[in-house]
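The values are calculated or read from the model by the stated rules, or taken from the named source; none is laboratory data. Model, not experiment: these values are computed from the prediction. As a convention, Cβ positions derive from the backbone with ideal geometry for all residues, glycine included, and neighbour counts pool all protein chains shown.
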Amino acid sequence: MGEARRHDRFDEMTPPSIVLSNAGIVRRFFIVEIIVNFEESNRLRTLFKNIKELLQVRACNVTKVAGKDMAILPTIEEAYMLIENDHILDYGKMQDLPEEVPADAVVDLTGKIVLPTWCDSHTHIVYAGNREQEFVDRINGLSYEQIAQRGGGILNSAKKLGDTPEEELYRESAQRLEEVIRLGTGAIEIKSGYGLTTDGELKMLRAVKRMKEHFHIPIKATFLAAHAVPSAFKNNKDGYIDLVMNEMLPEVAKENLADYIDVFCEKGYFSVEDTDRILSEGEKYGLRPKVHVNQFNALGGVQISVKHQALSVDHLEEMRDEDIHSLKQSDTMPVALPSCSLFLGIPYTPARKIIDSGLPLALATDYNPGSTPSGNMNLVVSLACMKMRLTPEEAINAATINGAYAMGSSDRVGSITAGKKANFIITKPIPSYGFLPYAFGSNNIETVWIDGKPTEV
Ligand code: NIG
Ligand code: FE
């Protein structure tokens, strides 16, 4: 690792750069110093120095933060971070950086902030086409519910998905995933629910399985066949629920396609009793619930989800005191989806009330073609501050460590912790981390590192 070799390497490469391939995409990232020839070692260490501030530095036993603790964001100013291959190895203050750190590459981050990538614990990014026309219909006065009652909404997406070959569905969905990774997402949950037939649901979940194989970020799959009653069962909801429980679930379990189970518990979709039955059946296959509740009406979906030890309850735009009370007796993470509220013009989840009662809160996008055609976690963090009165510290906690909890990935992502995956965001030079939600709509991300490698922006 001597000086001579370093100069040899510099002579060979002008300008100094590393080119890495991840998920089939070639990325180039400029580094300031190359100390050894990478091919000589299968342990690649990269040292990031002069980091203006390293955010969300946590001990490995912290899996979520709640209540007043959400206002605390542990950081190290003037920091270094050392990664080895795909994981975080070490970090600390620059003044404590040993003189001889065995690193293969050194990156100077003067003026830039580093934080863990966003954990988006609620998406529906596997879908076909779009629902732009419904957007215009809503502008012209129809509500989301009215559009659904006319056969639009989820059923519209189910029709498009049925007409789309598996390969094309994968291509469209993978493109969305690449887009959100560039926006800083480094872990994602993806739901089925636009198939609504056995073949359609399997097609969606197989697409997710393929993404798990191709992308180097934690991906969790959720079985959401109980998303809407398909036209073929218009007057026979129980017949559809039987199909979900007795045909789809066993197939999904046989192919090991799902990590979680979800139900859209809502008027006009699935009742609390339906939800109870479906979640009970899912439990038999070891699928923990993550449930759509209280989007338009608070029906008791929170209580039934807590009864089934749901990992998360998501939406919560309508919240009753008893819902807060039930969550306080549980390990269930409440998840808010503010860009859905923005797009549909429905109330925002009462986040202040949730956090001030001592509960944790996670933030996610809900990226889907109908209620949230956006997977931008940066916008979600801004909206949480602007519309739900979260402080930047609370919003960053909700979008990282608590998001990781809400998708069962806090052992791998969600914080800067030794041993966790080297999935992190490097910002452009910015005055402070509060600038991220403040400068809403601007892209202040310079580079996203996934699995210890830089992705292109
Ligand atoms: O979370 N509310 C249920 N499901 C999605 C919307 C689905 C759609 O409109 O396609 C949501 O908002
Ligand atoms: Fe959703």
So Ser410 passes all but one of these: (1) within 16 Å of ligand 2 (Cβ to nearest atom); (2) under 16 Å from Pro74 (Cβ atoms). Which condition number does it fail?
(1)
Checked segment 331-353 for anything in a loop (DSSP other than H, G, I, E, B) and either within 16 Å of ligand 1 (Cβ to nearest atom) or more than 17 Å from Met70 (Cβ to Cβ) (or both); matches are Leu337, Gly345, Ile346, Pro347, Tyr348, Thr349
Matching residues, segment 366-390, being out of contact with any strand residue (DSSP E or B) (no Cβ under 7 Å at 6 or more places or on another chain) and either farther than 22 Å from Glu134 by Cβ or β-branched (Val, Ile, Thr) (or both)
Thr372, Asn378, Ser382, Cys385, Met386, Lys387, Arg389, Leu390
The number of residues in segment 258-275 that are more than 15 Å from ligand 1 (Cβ to nearest atom) and either part of a helix (DSSP H, G or I) or crowded, with 24+ Cβ neighbours inside 10 Å (or both) is 3
Among the candidates Leu363, Leu383, residue that is crowded, with 22+ Cβ neighbours inside 10 Å and touching an Asp or Glu at 6+ places or on another chain (Cβ under 9 Å):
Leu363
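Kindly indicate the residue of segment 276-324 that is of a type in the set (Gly, Ala, Ser) and part of a loop (DSSP other than H, G, I, E, B) and also nearest to the chain's Cα centre (by Cα) among those meeting that condition. Even if it seems obvious, please write down each step before you answer.
Our first condition is that a residue be of a type in the set (Gly, Ala, Ser); within segment 276-324, this holds for 280, 282, 286, 298, 300-301, 305, 310, 312.
Cutting the leftovers down to part of a loop (DSSP other than H, G, I, E, B) gives us 286, 298, 300, 310.
Working: Gly286: 22, Ala298: 25, Gly300: 26, Ala310: 18 Å.
Out of the qualifying residues, it is Ala310.
Return yes or no: is Val106 in contact with a strand residue (DSSP E or B) (Cβ under 8 Å, 6 or more places away or on another chain), within 16 Å of ligand 1 (Cβ to nearest atom) and at pLDDT 95 or above? Can you show your working first?
Details: in contact with a strand residue (DSSP E or B) (Cβ under 8 Å, 6 or more places away or on another chain): yes; within 16 Å of ligand 1 (Cβ to nearest atom): no; at pLDDT 95 or above: yes.
Answer is no for this residue.
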Quick one: which residue in Val448, Val380 is in a strand (DSSP E or B) and either in contact (Cβ under 8 Å) with a residue 12 or more places away in the chain or in the same structural domain as Glu132 (by TED's automatic domain parsing) (or both)?
Val448
In segment 423-447, how many residues are crowded, with 24+ Cβ neighbours inside 10 Å and in contact with a Gly (Cβ under 6 Å, 6 or more places away or on another chain)?
2
What is the number of the single condition among (1) more than 17 Å from the chain's Cα centre (by Cα); (2) on the phi > 0 side of the Ramachandran plot; (3) acidic (Asp, Glu) that Glu393 does not meet?
(2)
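Looking at segment 109-128, which of the residues that are closer than 30 Å to Ser371 by Cβ and in a strand (DSSP E or B) is farthest from ligand 2 (Cβ to nearest atom)? Working first, answer last.
Residues of segment 109-128 closer than 30 Å to Ser371 by Cβ: 115-128.
Restricting the remaining residues to those that are in a strand (DSSP E or B) gives 115-116, 118-120.
Working: Leu115: 25, Pro116: 23, Trp118: 17, Cys119: 16, Asp120: 11 Å.
Ranking the candidates gives Leu115 first.
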Can you run down the residue pairs with Cβ atoms below 8 Å, 6 or more apart or on separate chains, where the first is in segment 287-308 and assigned by TED's automatic domain parsing to the domain that holds Ala364 and among the aromatic types (Phe, Trp, Tyr) and the partner is surrounded by fewer than 24 Cβ atoms within 10 Å (Cβ to Cβ) and part of a helix (DSSP H, G or I)?
Phe296/Glu145
Name the one entry in Asp366, Asp411 that is in contact with a Leu (Cβ under 6 Å, 6 or more places away or on another chain), in a loop (DSSP other than H, G, I, E, B) and either of a type in the set (Asp, Glu) or more than 18 Å from Pro347 (Cα to Cα) (or both).
Asp366
Log entry, pairs with first residue in segment 357-372 being closer than 14 Å to Thr332 by Cα, second being part of a loop (DSSP other than H, G, I, E, B) and away from ligand 2 (no atom under 11 Å from the Cβ), beta carbons closer than 6 Å, six or more apart or on different chains, reads Pro360/Lys64
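Against the condition more than 16 Å from ligand 1 (Cβ to nearest atom) and either among the β-branched types (Val, Ile, Thr) or outside the structural domain of Ser143 (by TED's automatic domain parsing) (or both), how does Ile278 come out, does it pass?
Values: more than 16 Å from ligand 1 (Cβ to nearest atom): no; either among the β-branched types (Val, Ile, Thr) or outside the structural domain of Ser143 (by TED's automatic domain parsing) (or both): yes.
No.
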Considering only residues that are more than 16 Å from ligand 2 (Cβ to nearest atom), crowded, with 24+ Cβ neighbours inside 10 Å and among the small types (Gly, Ala, Ser), which ones fall in segment 302-357?
Ala351
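Every residue, every condition in (1) in contact with a strand residue (DSSP E or B) (Cβ under 6 Å, 6 or more places away or on another chain); (2) surrounded by 18 or more Cβ atoms within 10 Å (Cβ to Cβ), yes or no:
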{"residue": "Tyr170", "(1), (2)": "no, yes"}
{"residue": "Ser173", "(1), (2)": "no, yes"}
{"residue": "Asp199", "(1), (2)": "no, no"}
{"residue": "Ala207", "(1), (2)": "no, yes"}
{"residue": "Pro218", "(1), (2)": "yes, yes"}
{"residue": "Pro230", "(1), (2)": "no, yes"}
{"residue": "Asn236", "(1), (2)": "no, no"}
Any chance segment 242-257 includes a residue that's at pLDDT 95 or above, away from ligand 2 (no atom under 16 Å from the Cβ) and within 22 Å of the chain's Cα centre (by Cα)?
yes
Pairing a residue in segment 384-395 that is under 13 Å from Phe440 (Cα atoms) with any residue that is among the β-branched types (Val, Ile, Thr), where Cβ atoms lie under 9 Å and the two sit 6 or more apart in sequence or on different chains, gives Cys385/Thr391; Pro392/Val381
